[in-house]
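Student: Encoded as structure tokens, here's the structure I'll be asking about.
The values are calculated or read from the model by the stated rules, or taken from the named source; none is laboratory data. None of the values given here were measured: they were computed from a predicted structure. Quick reminder, even Gly has a Cβ in these numbers, built from the backbone with ideal geometry, and neighbours come from all protein chains shown. Areas reflect the complete protein model, heavy atoms only, side chains present, ligands, DNA and RNA absent. Shrake-Rupley method; radii C 1.70, N 1.55, O 1.52, S 1.80 Å.
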Amino acid sequence: MPNLDEVIPPEGHGIAAKVMPPRRSLTRVLVVDDELAACRLLSILLGPPDYYCATASNGEEALLSLQRQPFDAVISDLKMPGMSGMELLSEVRRRHPHVAFLVTTGVDDVDVGVEAMRSGADDYLVKPLLESVVVASLGRALHKQRLEQQVENYRQHLEEMVVERTAQLQTALQQVEGSYEDTLRALGAAIDLRDRETGGHSQRVCRYSLEIARAMSWSDQQLGSLARGAYLHDIGKLGVPDDILLKPGPLTADERTLMQQHVQIGFELVKGIPFLVDAAEIILTHHERHDGSGYPRGLKAEEIPPGARIFAVADSFDAITSDRPYRRASPFDAGRETIRREADRLFHPEIVSVFSSIPAETWSTMARKQIGSGAPY
């Protein structure tokens, strides 16, 4: 097979005609037509110093030529043996989307030329070809392709910018989340300092609550809200007087009323902080009970938020299995049995069922975790 860059011999029609040595500064055009005269005419019209023109006698040869060297535009006849001009158009658009594509057609086939434009051609030329029309049409097509290429480059650059900005935003969010964790640890430490007799309680109930929620396949977002609410559930005790909070014996009815206000105090403290909005709900409702005997609103069963239902089990379990000024801690097995016994009265049955399915050693392992070893979640 002759080389595509060879000059078309007078006695035959080769694959390609080389008008001049290729230079990248020139507009490179590939003419595809099974008629030798049409190829020669366009080679003359699109000659130097502005153009480099090569020719091919059919669609298959044109695709080979496009594969071997770059072209800015293809001018193809529609009616050719073998691969038609429409089929070539489809292949060029698929393989070389940024190459301008013009079709040539006879006077009687203008409708076919219009159909080619609907299929992706940039323009159509009606034979016999006039130099001014060919050059003008080719210029418009090349300009259109350059604009489309600029748009594509801009889109790619924009995507790169989005990826870069997203990475920067994720880094910033991680830094903000780190600041949140530092804030939570500081608040938790303040709560533990205020109520030294229950030191580590906030971290333990946070871990216990998360263990139950994970067993229920909660999402990461739900776990985060639960963790913050559980960790800060007693923040309202910062507003309870010491003589009530630290009293070693039973509280009077009036003292108990004041103590119960800590849920409302805690809710008011955090409800205006955006990243603690979900946690505020648990802080307000963590003393509600399944049978409606809790406070502050006496909610029952499904009226209690899911996070508060989980927390109620975790909180009571830690209270039973931790030392208090007025009693010693009960064993973990006894704590588990107490929780099971109070199902459907103080605690939601489904939560108790999940809690009971978790191995007993899990709770003792979490309880022994070193306090202050990092965020409990």
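Student: Viscosity 0.890 mPa s, temperature 25 °C: Stokes-Einstein D of segment 278-345 from its Kirkwood Cα radius, in µm² per second?
Tutor: Approximately 195 µm²/s, per Stokes-Einstein.
Student: Relative to the compact globular guide of 2.2 N^0.38 Å, what is the alpha carbon radius of gyration of segment 189-325, as a ratio?
Tutor: Relative to the 2.2 N^0.38 Å estimate, segment 189-325 comes out at 1.00.
Student: Right, another one. For segment 67-151, what does the alpha-carbon gyration tensor say about shape, rounded, prolate or oblate, given a ≥ b ≥ c as the root eigenvalues, a/c under 1.5 as rounded, and a/b over b/c as prolate?
Tutor: Because a/c hits 1.5 or more and a/b fails to exceed b/c, segment 67-151 counts as oblate.
Student: What residues from segment 115-135 fall in the zone where the backbone N is under 16 Å from a label point 7 Å along the Cα-to-C-beta line of V151?
Tutor: 118-123
Student: Please give the FRET efficiency for R328 paired with Q221, using the beta carbon to beta carbon distance and R0 = 51 Å, rounded to the nearest 0.05.
Tutor: According to the calculation, E is roughly 0.85.
Student: Just to confirm, what accessible area per residue do you get for segment 60-159 at 1.4 Å probe, in whole Å²?
Tutor: Result: 54 Å² per residue.
Student: About the Cα centre of segment 230-319, what is the dipole size in debye to 20, counting +1 per Lys and Arg Cβ and -1 per Asp and Glu Cβ, all else neutral?
Tutor: For this selection, approximately 60 debye.
Student: Further question on the same structure: So how strong a dipole does segment 199-269 carry about its Cα centre when Lys and Arg Cβ are +1 and Asp and Glu Cβ are -1, to the nearest 20 debye?
Tutor: 280
Student: If you plug each phi of segment 152-162 into the Karplus form 6.51 cos²θ - 1.76 cosθ + 1.60 with θ = phi - 60°, what whole-Hz ³J(HN,Hα) values come out, in order, with x for Gly and Pro?
Tutor: Coupling constants for segment 152-162: 5, 4, 5, 4, 5, 5, 5, 4, 5, 5, 5 Hz.
Student: Here's a follow-up. Work out, step by step, the length gained on full extension between E160 and R68: first 0.36 nm times the residue separation, then minus their alpha carbon distance; give nm to one decimal.
Tutor: In short, 30.1 nm is gained.
Student: Under a 5 Å amide H to amide H cut-off, with H placed in plane at 1.01 Å, what residues pair with E288 once short-range neighbours are removed?
Tutor: Y295
Student: If you don't mind, there's one more thing I want to ask. Mind checking which lysines have their Cα closer than 19 Å to the Cα of K247? Skip sequence neighbours fewer than 8 apart in that chain.
Tutor: K247 reaches K237.
Student: How much length, in nm to one decimal, is gained on full extension between H96 and Q261, taken as 0.36 nm per residue of separation minus their Cα-Cα distance?
Tutor: Taking 0.36 nm per residue and subtracting the Cα distance, the gain is 52.1 nm.
Student: If you roll a 1.4 angstrom probe over the protein chains with everything in place, what fraction of the accessible area of segment 259-339 belongs to carbon and sulfur, to the nearest %?
Tutor: That share works out to 53 percent.
Student: Need the full-extension length gain, T365 to E337, defined as separation in residues times 0.36 nm minus the C-alpha distance. One decimal, nm.
Tutor: 8.3 nm
Student: Non-local amide H neighbours of Y52 (under 5 Å, H modeled in plane, Pro and chain starts lacking H): which ones?
Tutor: Under 5 Å from the amide H of Y52 lie the amide H atoms of T27, R28, V29, each far enough along the sequence or on another chain.
Student: Residue by residue through segment 117-123, which ³J(HN,Hα) values in whole Hz follow from phi under the Karplus form 6.51 cos²θ - 1.76 cosθ + 1.60 (θ = phi - 60°), with glycine and proline marked x?
Tutor: 5, 5, 8, x, 5, 7, 5
Student: Could you go through segment 125-136 in sequence order and give the Karplus-derived ³J(HN,Hα) for each residue, using 6.51 cos²θ - 1.76 cosθ + 1.60 with θ = phi - 60°, rounded to whole Hz, and x for Gly and Pro?
Tutor: Here the 3J(HN,Hα) series is 10, 9, 6, x, 7, 10, 4, 4, 5, 4, 5, 5 Hz.
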